[in-house]
1. Just to be sure I understand: with springs between alpha-carbon atoms less than 10 Å apart, which residue in A:VAL131, A:VAL87, A:VAL101 has the highest mean-square fluctuation in the Gaussian network model of chain A?
2. Less than 12 Å Cβ to Cβ from A:THR20, Lys/Arg counted +1 and Asp/Glu -1: what total charge do the surrounding residues give?
3. Assuming 1.306 mPa s and 10 °C, estimate D for the range B:80-140 with Stokes-Einstein, Rh taken as the Kirkwood radius over Cα pairs, in µm²/s.
4. Net charge near B:LEU182: determine it from the other residues with C-beta under 13 Å of the C-beta of B:LEU182, scoring Lys and Arg +1 and Asp and Glu -1.
5. If you wrap a convex hull around the alpha carbons of the range B:18-59, what volume per residue comes out, as a whole number of Å³?
6. I'd like the orientation of helix B:7-19 relative to chain B: the angle between its Cα long axis and the longest Cα principal axis, in ° from 0 to 90, rounded to 10.
7. Quick check: net charge around B:ALA32, other residues with Cβ under 11 Å of its Cβ, Lys/Arg +1 and Asp/Glu -1?
8. State the Kirkwood hydrodynamic radius of the range A:23-104 in Å, one decimal place, computed from all pairs of distinct Cα atoms.
2 protein chains.
Amino acid sequence: MRIISSVREMQSLVNGEIRTGKRISLVPTMGALHEGHINLISEGRNRGDVLIVSIFVNPTQFGPNEDFTNYPRDLEGDLRKIENLGVDIIFAPTQEEIYPVEFQTYVEVKELQEHLCGHFRPGHFRGVATVVLKLFNIVKPHVALFGEKDYQQLKVIQRMVRDLNLEVEVVGYPIVRDKDGLALSSRNVYLSPNDKNSASQVSKSLREIKRKFDMGCRNTKLMVEFGKKILEEAGVNDIDYLEICDSETLGSKELASRGDLLAVAVRIKGTKLIDNIRL
Amino acid sequence: MRIISSVREMQSLVNGEIRTGKRISLVPTMGALHEGHINLISEGRNRGDVLIVSIFVNPTQFGPNEDFTNYPRDLEGDLRKIENLGVDIIFAPTQEEIYPVEFQTYVEVKELQEHLCGHFRPGHFRGVATVVLKLFNIVKPHVALFGEKDYQQLKVIQRMVRDLNLEVEVVGYPIVRDKDGLALSSRNVYLSPNDKNSASQVSKSLREIKRKFDMGCRNTKLMVEFGKKILEEAGVNDIDYLEICDSETLGSKELASRGDLLAVAVRIKGTKLIDNIRL
């Protein structure tokens, strides 16, 4: 497992691999790796000859009042967690390497970025799309793997790849949950045991709404109100959104259909948690 | 000379060439080819093994009141003009091929796009950057050639390439002028013989300002006033800008230095003409 921090070195290495016909697979991460990342990395191992994991806490996807400074960083711990997974290269650039002072180019996926988290995190998906495009240009993957917890991110990236004619297969991989149903996230380290109890109600509310849907309910307003009540009864009052939307356009719906996305974002003592399931 | 209109076909063809170690050179154009393009194409022939010329009138770089509909189009004439220049492939996609209905991803080079033409053509450089990024992803050139008449465009693209970590060498090529000094442009076909007389004063005003500079003048305000007077005396009253700016940042300057950019944009009976020289 080789650690590379220079963009040039990374590019010249993958250029060599590609010339010899190797298939590159990439798992982009912000570090603080958990079981969700481990699954992506294991899947990435199956899908390419050269497996690259990038670790970079991307400043441009954090708002001015968000947790960029405090975001958990533990490169050594991360390396230990993945040492037996067959990773060939860790790409861990510095901030200056990715964003030199004169940097000024940004990518936006205009419509998809507006929905769901877009309302509450202006500029977030611009930062995501920009850094992922850069990573794709640096690592030149044939396949890149992303977790479905960040479902909107996955859709933004898939749309960007199609719109910009990139030849990267972008694969989404199912959410990994703890025993109480809480979707794994690097931000879960911010939660006290008590907070975790409340947080586990987030996925419970999604399951309960889905149960309503399975019983025949189609009125999204009713289903959302029902879900919000569950959250509020569990003390989760700071809800950014709880929404049923089209799983491709992310536009919200009045009448739910099978396959729609049910997505939620809440804050528990300031920690933002998101989750989703498909109806 | 093969003509390709499909993105997939273009990509699979260049992928094959690149696998065998070929160097791709690209001259992106909007057609209506003139001597300036011919020079770029000849230079492109020297710089790569496979020479690709793209012809695509890009709708996203035209404003709602600009000349997208009337922009000169003459694919057959263009093909005749370049049949002996050793072009391997003409990439001439349809609008739907480049911008399918769901298209929504745009690139912006935030600071460079604001100066000069940016004030007068909002969204123009966003359209330019987006289509050029797409062309680079489709044609995968090692080297791409652009005319220096569109100096701001050249700088926007060079900045985008660096910021997004693309491995494309972006080469600018000197302006070609007619015998009266008028910079060649596809839009010159809009001009009557009388208009051309006025138009030739545009480059004259630049040369006169440069002469002032060479004689020791450094006050850009004085130099610009002097240049505007020359234009107005020649009946060119519709001046978008006449400006002396830093040749890299395009920020305007109070005191001129050797190497600065002197750039002008005027409208002659509605036809937009731009030109520039370096001090």
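Any read-out appearing in this document is the output of simple, stated calculations on the displayed coordinates, not a laboratory observation. This is a predicted model, so every value here is computed, not measured. Ideal geometry is used to build each Cβ from the backbone, glycine not excepted, and the neighbour counts take in all protein chains shown.
1. Maximum fluctuation in the GNM of chain A, among the listed residues, is at A:VAL101.
2. Numbers: positive: A:ARG19, A:LYS22, A:ARG23, B:ARG19; negative: A:GLU17, A:ASP49.
So the surrounding residues net to +2.
3. On the way: Rh = 13.9 Å.
Result for D is 114 µm²/s.
4. On the way: positive: B:LYS149, B:ARG177, B:LYS179, B:ARG187, B:LYS196, B:LYS204, B:ARG207; negative: B:GLU35, B:ASP178, B:ASP180, B:ASP195, B:ASP275.
With Lys, Arg at +1 and Asp, Glu at -1, the neighbours total +2.
5. Numbers: hull volume 2.4 nm³, N = 42.
Spread over its residues, the Cα hull of the range B:18-59 gives 56 Å³ apiece.
6. Computed tilt is about 80 degrees.
7. Values: positive: B:ARG73, B:LYS81, B:ARG187; negative: B:ASP74, B:ASP78.
Overall, the nearby charge balance is +1.
8. On the way: mean 1/r = 0.0728 Å⁻¹.
Radius from the Kirkwood sum: 13.7 Å.
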